[in-house]
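Shown next, in structure tokens, is the structure this report addresses.
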Amino acid sequence: MVEVKNITKSYGSHKALSDVSFNANDNEILGFLGPNGAGKTTAMNIITGYISASSGSVLIDGCNITDQPAKAKKEMGYLPEIPPLYPDMTVNEYLSFVYELKKCKLPKLSHLNDICTLTGVGSVSSRLIRNLSKGYKQRVGFAQALVGDPKILILDEPTVGLDPKQIIEIRTLIKKLGKRHTVILSSHILTEIQAVCDRIVVIDHGKIVADDTEENILSRFDDQRNVYVTAEGEKEKIKAELHKLKGVEKVSSVKSKDGVNSFVLKTHKDTDVRRDVFACAAKGGWCILEMRTSKPTLEEIFIRLTEGDDVQKEVR
Amino acid sequence: MGAVFKRELKSYFVTPIGYVFLAMFYCYAGLMFYVTSLSEGKTRMDMLFSSLIIILVVVIPILTMRTMAEERRSRTDQCLLTSPVSITGIVAGKFLAAFTVYLAAISITLVMALVTWIYSSPDWSVVLGNLIGLALLGASFIAIGIFCSCCTESQPVSAVMCFGVLMCVSFLSAIGSKLPFEFLSKIADKLAFSERYYAFTYGIFDISNVLFFISAVFVFLFLTVRLTEKRRYS
């Protein structure tokens with residue numbers, strides 16, 4: 001449905017995007033994940049035709065956004081990071097304007113009513129946009145993206161500035177829309193991507209560093225196991241003893257208060273050091289209050305993916 | 001284009017800009033009508049029409065300053081440029097909306113012609129010619145204003161820039177007469193908007209003047225489209 005082929009965007013000598021390629025399939029929610037300044041918004045602006053790429057192409061349902069912009073744009077709804085709202089219009093007037101702007105053929109009244117109900121802006125439809133709260137402005141921005149029932153929805157950080165309840169509502173809405181639309185959702189909030197997306201594209205410094213499902217990305221980095229140990233005793237002594245254990249690659253102290261210390265032991269995924277830790281504690285005379293293992297989380301993988309060029313090379 | 005036209009036209013009257021523009025034009029035109037016709041007891045309106053160029057240089061920047069600049073500043077251009085409407089359609093919609101407000105302003109001269117009719121029948125063909133000249137002059141000024149608005153994100157900067165450009169193009173012949181070379185003076189005379197417009201007020205309907213103003217409209221609207229397009233690539 002959306003094919004991004006080798007797009008590069010340069011601002012003078014600075015490359016905002018470098019040879020970026022990925023696809024978004026029909027009825028798929030694609031998460032576009034990356035730290036601030038990674039190039040997410042630039043990529044979205046290029047996909048929607050707001051700006052042009054220095055090289056490469058974007059195909060929307062087979063139509064090139066540069067060669068057939070009107071046809072390609074008709075298939076898309078875009079919610080930018082800052083919703084493009086006219087403060088001097090009421091919500092109804094604004095949605096009617098967008099309806100005409102998109103040359104929509106659907107029955108106007110019922111279509112706009114459906115969108116207002118779906119996004120929850122029905123109660124403020126006759127109010128001026130300038131008087132709405134941030135949350136409602138975001139919803140109106142969402143509503144304008146849905147006008148014309150586009151096949152593809154491009155949402156740039158759609159939950160920024162919303163309260164927790166509104167975030168859950170918007171996520172539920174995105175999931176619902178993902179059953180009938182192709183959704184490309186950009187965010188730097190990992191939980192949001194995890195909660196909503198079928199597939200994740202991670203971008204950093206203008207380059208794609210991962211493009212897969214959450215499970216596959218997690219399994220790719222499943223080379224490590226973390227053991228969390230909370231122990232009572234002298235911090236440095238315990239740390240030194242844990243470090244000596246066979247199979248422990250790294251020991252880091254995460255918390256220390258009133259003689260109770262927490263450590264994270266990094267080991268190879270096939271190594272289980274819990275028995276050795278227990279024996280070590282018995283021998284050293286310190287007491288284990290808690291011990292558990294965990295695999296790397298998406299958050300840790302995200303940090304690994306975006307923390308340096310060496311790691312990127314390793315992934316590629 | 002229709003959607004942009006309707007929105008723009010409405011926005012002139014939900015913000016004070018449309019009212020300020022109309023009020024300033026009506027006040028000045030009314031004053032000039034009194035000074036050049038009523039107080040003198042004349043039914044000729046050529047003095048009134050020739051004096052209106054001054055107020056256009058002042059009020060057209062107010063009318064056009066927000067057309068493109070405000071869209072960029074508030075990022076609402078994202079809504080327009082990602083919709084299935086061409087940049088030409090967007091610029092044309094904005095131009096037509098501003099021109100419609102302008103036509104509402106200059107229509108006051110028709111009322112003034114009707115007032116003079118009470119005393120003596122004016123030369124309607126001359127009035128009509130003047131009105132066409134004023135409409136064409138305004139259209140070209142609006143195109144220049146939209147182009148200036150496209151050059152910046154700031155409305156005040158756009159207005160000042162537009163005012164400067166309109167001053168130059170309006171009084172190019174005065175500047176040209178001070179130039180040392182005769183051919184430069186002639187070029188300045190040919191390009192001076194005021195000289196072209198004054199021909200209408202003398203009752204001369206020269207098709208080359210009509211084409212000059214229409215060309216100016218197309219050139220500046222074309223430049224606006226190209227500038228917007230270029231910005232997407234830079």
Conditions (1) surrounded by 16 or more Cβ atoms within 10 Å (Cβ to Cβ); (2) within 13 Å of chain B (Cβ to nearest Cβ); (3) not in a loop (DSSP other than H, G, I, E, B); number of the one not met by A:ARG130: (1)
Hey, can you tell me all the residues within segment A:170-214 that are part of a helix (DSSP H, G or I), at pLDDT 85 or above and charged (D, E, K, R)? A:ARG171, A:LYS175, A:LYS176
Would a scan of segment B:41-48 turn up a residue that is on the phi > 0 side of the Ramachandran plot, surrounded by fewer than 23 Cβ atoms within 10 Å (Cβ to Cβ) and modelled with pLDDT under 95? yes
Scope segment A:54-74; condition of a type outside the set (S, T, N, Q) and more than 9 Å from chain B (Cβ to nearest Cβ); matching residues: A:GLY56, A:VAL58, A:LEU59, A:ILE60, A:ASP61, A:GLY62, A:CYS63, A:ILE65, A:ASP67
I'd like to know if segment B:91-103 contains one or more residues that are in a helix (DSSP H, G or I) and within 25 Å of B:THR43 (Cβ to Cβ). yes
Just checking, which of A:VAL196, A:VAL251 is out of contact with any Asp or Glu (no Cβ under 8 Å at 6 or more places or on another chain) and without any contact (Cβ under 8 Å) to a residue 24 or more places away in the chain? A:VAL251
Taking interchain pairs and intrachain pairs at least six residues apart, which have beta carbon atoms under 9 angstrom, with the first residue in segment B:29-50 and over 16 Å from B:TRP124 (Cα atoms) and the second assigned to a loop (DSSP other than H, G, I, E, B) and among the basic types (Lys, Arg)? B:THR36/B:LYS42; B:THR36/B:ARG44
Can you tell me how many residues within segment A:86-97 are at the interface with chain B (Cβ under 7 Å from one of its Cβ atoms) and either in a loop (DSSP other than H, G, I, E, B) or of a type outside the set (Phe, Trp, Tyr) (or both)? 2
Close pairs from segment A:168-183: first in contact (Cβ under 8 Å) with a residue 60 or more places away in the chain, partner surrounded by fewer than 20 Cβ atoms within 10 Å (Cβ to Cβ) and of a type in the set (A, V, I, L, M), Cβ under 7 Å, at least 6 apart: A:THR182/A:MET1
So how many residues does segment A:59-103 have that are at pLDDT below 90, of a type in the set (Val, Ile, Thr) and surrounded by 21 or more Cβ atoms within 10 Å (Cβ to Cβ)? 2
Of everything in segment B:143-184 that's surrounded by 14 or more Cβ atoms within 10 Å (Cβ to Cβ) and assigned to a loop (DSSP other than H, G, I, E, B), which residue is modelled with the lowest pLDDT? B:PHE171
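The values are calculated or read from the model by the stated rules, or taken from the named source; none is laboratory data. Here the structure is a predicted model, which is why all the values come from computation and not from measurement. Here Cβ is always computed from backbone atoms with ideal geometry, including for glycine, and neighbour counts include all displayed protein chains.
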